[in-house]
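The values are calculated or read from the model by the stated rules, or taken from the named source; none is laboratory data. What you see is a predicted model, and the numbers here were worked out from it, not measured in a lab. Ideal geometry is used to build each Cβ from the backbone, glycine not excepted, and the neighbour counts take in all protein chains shown. Accessible surface areas use protein heavy atoms only, side chains included; no ligands, DNA or RNA. Shrake-Rupley method; radii C 1.70, N 1.55, O 1.52, S 1.80 Å.
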Amino acid sequence: GSDTIATGPGSAKAGSAEKPPEPPKGPMVDIEITASSPKAQVEVVGTDIKGPVPLKTKLEKDKAYQVRVSAPGMATLEQEVKGGTDKWSAKLVAKPMVITVSSEPVGALILIDGVPANHVTPFDVELTKAQAAKKNVRVGLRKAGFRPVEKMVDLGAFTEEDARMVGKLDEKLA
């Protein structure tokens with residue numbers, strides 16, 4: 001006779017996994033958040049901390065936070081800031097200023113402040129830093145057989161989009 005050994009499924013049950021307790025929070029330390037734009041708004045992502053600069057608040061020491069800083073006409077900056085940094089300044093960058101220039105008929109040479117943009121209509125012309133720093137720019141259109149057109153474009157009237165500030169110029173050539 002042969003001895004048969006019955007091997008059944010083990011009766012050892014896995015213990016119900018308990019969540020480890022929350023690690024103790026570190027000490028809260030002061031931080032002052034400023035930005036290169038005086039109209040900037042600060043938001044510490046995932047917390048209820050938000051407000052205009054300069055923003056004084058407390059963050060947990062050595063913990064990393066995502067800080068989002070936005071201002072009119074500036075590209076939004078999101079950066080990691082560690083608790084324990086006593087001062088942090090966001091260096092905001094101006095959004096590019098773009099003029100959407102179109103004409104009827106199309107194909108007119110575009111000039112900005114008398115300088116050829118090396119493009120013809122329709123085209124989105126991005127202003128240089130020097131041009132974007134002015135209150136307005138002179139946009140000229142030239143096309144053979146048509147009268148040249150010159151228009152002042154007010155940079156303060158640009159509309160803000162996610163990634164750029166946009167102005168529009170649409171002219172009929174005579």
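Nonpolar atom fraction for the chain, defined as the carbon and sulfur part of the 1.4 Å probe accessible area, stands at 55 percent. Of Ala108, Ala144, Ala40, which is the most mobile in a GNM of the chain whose springs link Cα atoms less than 10 angstrom apart? Sorting by GNM fluctuation, first place goes to Ala144. Comparing Leu59, Gln41, Gly156 along the charge dipole axis of the chain, the residue lying farthest to the positive side is Gly156, per the Cβ-charge model. For segment 72-174, a/c is not less than 1.5, where a ≥ b ≥ c are the root eigenvalues of the C-alpha gyration tensor, and a/b tops b/c. That puts it in the prolate class. Against the criterion of solvent-accessible heavy-atom surface with a 1.4 angstrom probe, Val29, Val67 sort, most first, into Val29, Val67. Near the amide H of Ser89, within less than 5 Å, lie the amide hydrogens of Thr34, all on another chain or at least 5 residues away, with H placed in the peptide plane.
Restricting the calculation to alpha carbons of segment 122-169 gives Rg and Dmax of 12.2, 39 angstrom. Under 12 Å from a point 7 Å along the Cα-to-Cβ line of Ala94: which residues of segment 125-153 have their amide N that close? Correct set: 127-137. Per-residue extension of 0.36 nm, minus the Cα-Cα distance of Glu60 and Lys172, leaves a gain of 34.3 nm for this segment.
Is the chain rounded, prolate or oblate when judged by the Cα gyration tensor, a ≥ b ≥ c being the square roots of its eigenvalues, rounded requiring a/c under 1.5 and prolate requiring a/b larger than b/c? It is oblate, given that a/c is not under 1.5 and a/b is not larger than b/c. One Cα centroid belongs to segment 145-174, the other to segment 39-78; the line between them spans 34 Å.
Among Asp113, Asp48, Asp86, which one shows the biggest mean-square fluctuation in a GNM of the chain, springs joining Cα atoms closer than 10 Å? Looking only at Asp113, Asp48, Asp86, the largest GNM fluctuation is found for Asp48. Listed by chain and number, the lysines placed with their C-alpha closer than 25 angstrom to that of Lys50 are Lys25, Lys39, Lys58, Lys61, Lys63, Lys82, Lys87, Lys91, Lys95; residues fewer than eight positions away on the same chain are left out.
From the Kirkwood radius over Cα pairs of segment 27-86, Stokes-Einstein at 37 °C and 0.692 mPa s returns a whole-number translational diffusion coefficient of 286 µm²/s. Of the residues Val29, Val115, Val101, the one whose Cα sits farthest towards the positive end of the charge dipole of the chain is Val115 (charges of +1 on Lys and Arg Cβ, -1 on Asp and Glu Cβ, taken about the Cα centre).
The label point for Ala144 and the one for Glu160, both projected 7 Å from the Cα toward the Cβ, are 4.5 nm apart.
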